[in-house]
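Inspection log for the structure reproduced underneath, given as structure tokens.
Only the coordinates and a few stated rules stand behind these numbers; no lab work does. Bear in mind the structure is a predicted one, so any value in this text is a computation, not a measurement. Reconstructed Cβ throughout: ideal geometry from the backbone, glycine too, with neighbour counts over all protein chains shown.
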Amino acid sequence: MPYLLAILLSVFTLTGCQSAYYSAMEKVGYHKRDIMVDRVEAAQDSQKDAQQELTSALEALSAFTQFDGGELESAYERINDQYQQSEDAAADVRDRIAAIEDVSQALFAEWQQELSLYTSSKLRRASEQKLKQTQASYQTMLKAMKQAEHTMTPVLNTLRDNTLYLKHNLNASAVGSLQGEFASLEKDIRSAISQMNAAIAESDQFLSQLKQ
């Protein structure tokens with residue numbers, strides 16, 4: 001992003017005035033459609049990051065359940081670090097989805113309003129049809145994103161429970177206690193990763209529709 005756009009982004013993000021932000025960006029040739037593309041791509045990146053963090057958290061817990069000697073404190077610290085990073089990654093996914101919803105409202109409202117400006121009925125109908133197709137694709141993408149985001153909740157809950165338990169039970173018996181939790185957690189993480197892959201695929205389809 002050019003330096004001027006980066007400055008505008010930081011300024012208006014801090015103020016929280018999205019309408020002013022969109023107007024300012026349009027004055028430098030950066031339109032709502034462009035912002036939408038950037039935000040969807042950013043959401044895809046955040047989902048990929050979340051997948052990696054959840055996978056790393058699973059690996060850390062797996063290593064602990066197979067623990068056969070050594071420093072339990074260091075094993076706990078790794079699990080706790082991965083839990084915190086997973087929480088941060090999930091929060092980033094939620095923020096990215098919210099940003100997409102914000103710009104989508106502005107983009108579709110503007111598109112709908114501008115239909116009345118056409119003098120050519122043929123072009124107006126074509127634009128209206130494209131708007132409806134884009135909105136439908138957007139809704140499919142948004143639903144997939146939110147479903148994927150929701151699948152992270154049980155994972156984070158389990159990771160939090162395990163981390164809290166280990167914090168106060170750093171002994172050999174804790175290893176056995178968490179072994180029963182591992183299979184369920186692994187299933188939930190695999191489900192979350194699968195849902196995020198589906199959301200990323202829907203995002204690709206939406207971007208393809210938007211760029212046509």
Inset, instruction - Find the relative contact order for the chain and round it to a whole percent, using C-alpha pairs within less than 8 Å whose residues are 6+ positions apart. - result: 29 percent
Inset, instruction - Rank by packing, highest mean first: peptides 176-184, 198-206, with packing defined as the count of other Cβ atoms within 10 Å averaged across residues. - result: 198-206, 176-184
Inset, instruction - For residue 38 and residue 146, compute 0.36 nm times the residue count separating them, minus their Cα-Cα distance, and round to one decimal in nm. - result: 37.0 nm
Inset, instruction - Quote to one decimal, in nm, the extra length available between residue 31 and residue 129 on full extension: 0.36 nm per residue of separation minus the C-alpha distance between them. - result: 33.2 nm
Inset, instruction - Mind checking the range 30-87 for GluC sites (Glu not before Pro) that DSSP puts in a loop (not H, G, I, E or B) and that have at most 15 other Cβ atoms within 10 Å? - result: 71
Inset, instruction - Rank these for me by crowding, 93, 28, 37, going from fewest to most other beta carbons within 10 Å. - result: 28, 37, 93
Inset, instruction - Kindly express, to the nearest 10 degrees and within the range 0 to 90, the angle between helix 72-114's C-alpha long axis and the longest C-alpha principal axis of the chain. - result: 10 degrees
Inset, instruction - Enumerate the lysines that residue 187 could reach by cross-link, defined here as Cα to Cα under 27 Å, with residues fewer than 8 away along the same chain left out. - result: 48, 143, 146, 167
